[in-house]
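First up is the structure itself, then whatever we jot down about it.
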Amino acid sequence: MLWVQLVVISVTGFAVRGQDPTEVFGVTYEWNKLDFTWPDDSFKARFLDSSQFIPENTTISGVKVWRDRLYVTLPRWRRGVPVTLASVPLPTAGRYLNTSPKLEPFPSWEMQHVGNCSALQNVQNVEIHPDGYMWVIDSGRVDTLSQHPDSRCAPKIFVFDLSSGTSSSPGYNSYDTDHRHENTERNHQTTGYYQGGYNPSSDLQGRYNPPGGNQGGYNPSSGHHDTYNYPRTSHDGYNPPSGNRDGYNPPSGHYDRYNPPSGNQGGYNAPGDNHGANHSPRSYNGNYNRPGVIVREVTFPDSVISRDTYLEDIVLDTDGSGYTYISDSSENDPGLIVYSWKENRSWKVRDGRSMRADPGVRSLSINGVYVDINRNIAGLALSPVSDSGQRRLYYSPLGSYSLFSIPTSVLRDETHAVGDVSGYVKTHGRKRSISQGMVMDSHGVLYYGLLGENAITKWDTNLPFEGNQHKIAQDNNLLQWPASFGFDSQLRNLTVVSNRLQNFLSGRVHLNEPNFRIITAFTGTKSYLYPRTGIDYATSSHRTTEILDGSFSGDRNTIHQSRHEHITGNNHLNAGGRMTPILNMIAVLVITRLAVA
């Protein structure tokens, strides 16, 4: 009996009652408040003293997995968020890890500069191509929930090569902790804040000037104030010797650092120089010894973005076409942004009926806290590649109970897409509650949250929507606001962020209790980015031996509450989402036995 109890505790699992076992979700990480791998204590102290780090304003929104790391996004909705993109290691069997680890800024402290339009500003979601290229959507505008948002930087796409270089300590030498970003008209000459690093004429001279020549900051001899002069490389227009090293080679489906056909091949475009043009891609030399090289940076034309553009979610088409789809939840001009890597062009698809919030949906109660959810198009999910090559993009506004989809063939035709597409939009039906994040697996199973029910549900898109939504997890404590979904396609786990966002939005964050969780479950499938592989959910013979799904049927509306031990301290995380199928099955059997008892 002691052995059984230990298994349940190590899993930290919770499952919905039903005739058959379902996915067991385990808490991998949880935090009361977030903290970071600061260069030193004085660095952190300066951020706290200047209110550039306000823990209750710092929340996790998005999550994606690549190899042995989890990448999380931290939107700058309010002031005091020092890092907007970070990572933590994935726990693995046999390793003892802190279950509330500090977040490591990605790719460096340098790239977290608020107000530096060459750095990351406000990231809510990312997507990672199977080849290891991370697509980051940056809304540019920060403090979006404040009375005075900072709009000095334009929305962008950053594409990072996660496989480049080798691991090294993150740089931070140009991060100016004395800069107060709320004043957008600040005179940089007097404040000592240049967009690329330190101002040699300010009182900060030498403070962030590392030995060896201004690494990570302003290069006085280059004349560029909008770039970082990284160690052992030049970002001021250096064009690598090969013509195919700065981007993506669309015909092959692989990223070969292709130089896009633009007026600035291989060089650097200062932010704003081409604002209003179609794009201003920035290319980098990728030969320095650090993971996370930027292989392309793209801004959008005025026909695509507006002053209140907010880039919400992103999916990638991996059929070799090089198309990317991004949701813009702008209050005034919501829609889907389509970006073609091959043509280095973007356009916007608009549909007032399906991409705007339902006027009758204004607020939602989550555990007794009412929040305004009258927001436009939010989460996206892309169907897997079919034999016919046809794909559908699924989406839903945050302020809507309806699920919609549109063929990607319509979205790709720029001439057609910028017109009236309402005739191509399919309404699948009404969800049980509203949802923010969603994700598709390689078998066409759509996973999404039910915010009003503190639950996760799924739908096999090969079946009719009505009657085939199946709740797979529900917990009024652990699953408050399931915000984002991702797949660990190597181990075939589903990863979920639960962040209690209703408390954040209502100003009720309590830092003495868990607020953010990374939750995982074994599903047996990969993400939509991969070809259909692995276990077929429709084959019932696999249900008792190879997967934990159990069934698409069954009304699972309650949660087994008898075991909710939280993992604290340094514990053996052999089951926090990285457990083997055998251990998973043991956990399911134990929890099911307890549920029946």
- Message: Filter segment 467-503 down to the residues that are buried (at least 21 other Cβ atoms within 10 Å of the Cβ) and of a type in the set (A, V, I, L, M, F, W, C) and list them by number.
- Response: I472, A473, L478, L479, W481, A483, F485, F487, L494, V496, V497, L501
- On the given criteria, is Y424 among the hydroxyl-bearing types (S, T, Y) and touching a Ser or Thr at 6+ places or on another chain (Cβ under 8 Å)? no
- Item | Unmet criterion (only one of (1) crowded, with 22+ Cβ neighbours inside 10 Å; (2) charged (D, E, K, R); (3) closer than 23 Å to H510 by Cβ) for D138 | (3)
- Message: With the requirement that a residue be open to solvent by 20 Å² or more (accessible area, probe 1.4 Å), in a loop (DSSP other than H, G, I, E, B) and under 17 Å from Q112 (Cα atoms), what does segment 27-51 give you?
- Response: D35, T37, W38, P39, D40, S51
- What are the pairs, 6+ residues apart or on separate chains, where a residue within segment 396-418 that is within 20 Å of M438 (Cβ to Cβ) has its Cβ under 6 Å from a residue that is of a type in the set (F, W, Y) and part of a strand (DSSP E or B)? F404/Y395; S405/Y394
- Within segment 440-464, considering residues that are open to solvent by less than 10 Å² (accessible area, probe 1.4 Å) and among the hydrophobic types (A, V, I, L, M, F, W, C), the one farthest from the chain's Cα centre (by Cα): W459
- Task: Might you check whether a residue that is touching a residue at least 24 places away in the same chain (Cβ under 8 Å), over 21 Å from G62 (Cβ atoms), in a loop (DSSP other than H, G, I, E, B) and touching a Pro at 6+ places or on another chain (Cβ under 6 Å) occurs anywhere in segment 424-438?
- Result: no
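So that you can scan it fast, the table gives a plain yes or no per residue for (1) within 18 Å of the chain's Cα centre (by Cα); (2) open to solvent by less than 10 Å² (accessible area, probe 1.4 Å); (3) modelled with pLDDT under 95:
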{"residue": "L311", "(1), (2), (3)": "yes, yes, no"}
{"residue": "L316", "(1), (2), (3)": "yes, yes, no"}
{"residue": "S321", "(1), (2), (3)": "no, no, yes"}
{"residue": "Y325", "(1), (2), (3)": "yes, yes, no"}
{"residue": "N332", "(1), (2), (3)": "no, no, no"}
{"residue": "D351", "(1), (2), (3)": "no, no, no"}
{"residue": "R356", "(1), (2), (3)": "no, no, no"}
- Item | Where S100 falls short, out of the listed (1) out of contact with any strand residue (DSSP E or B) (no Cβ under 7 Å at 6 or more places or on another chain); (2) farther than 23 Å from V293 by Cα; (3) open to solvent by 10 Å² or more (accessible area, probe 1.4 Å); (4) not acidic (D, E) | (1)
- Item | Qualifying residues in segment 373-403 (those that are modelled with pLDDT of 95 or more and open to solvent by 40 Å² or more (accessible area, probe 1.4 Å)) - the one farthest from N462 (Cα to Cα) | R375
- Checked segment 69-80 for anything touching a residue at least 60 places away in the same chain (Cβ under 8 Å) and either of a type in the set (A, V, I, L, M) or over 19 Å from S484 (Cβ atoms) (or both); matches are L70, V72, R79
- Residue in segment 505-517 that is closer than 21 Å to T457 by Cβ and within 14 Å of the chain's Cα centre (by Cα) present: no
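The values are calculated or read from the model by the stated rules, or taken from the named source; none is laboratory data. Quantities reported herein were computed from a predicted structural model and do not represent experimental measurements. Glycine also receives a Cβ, built like all others from the backbone with ideal geometry; neighbour counts cover every protein chain displayed. Remember, those area values only see protein heavy atoms, side chains included, never the ligands or the DNA or RNA. Shrake-Rupley method; radii C 1.70, N 1.55, O 1.52, S 1.80 Å.
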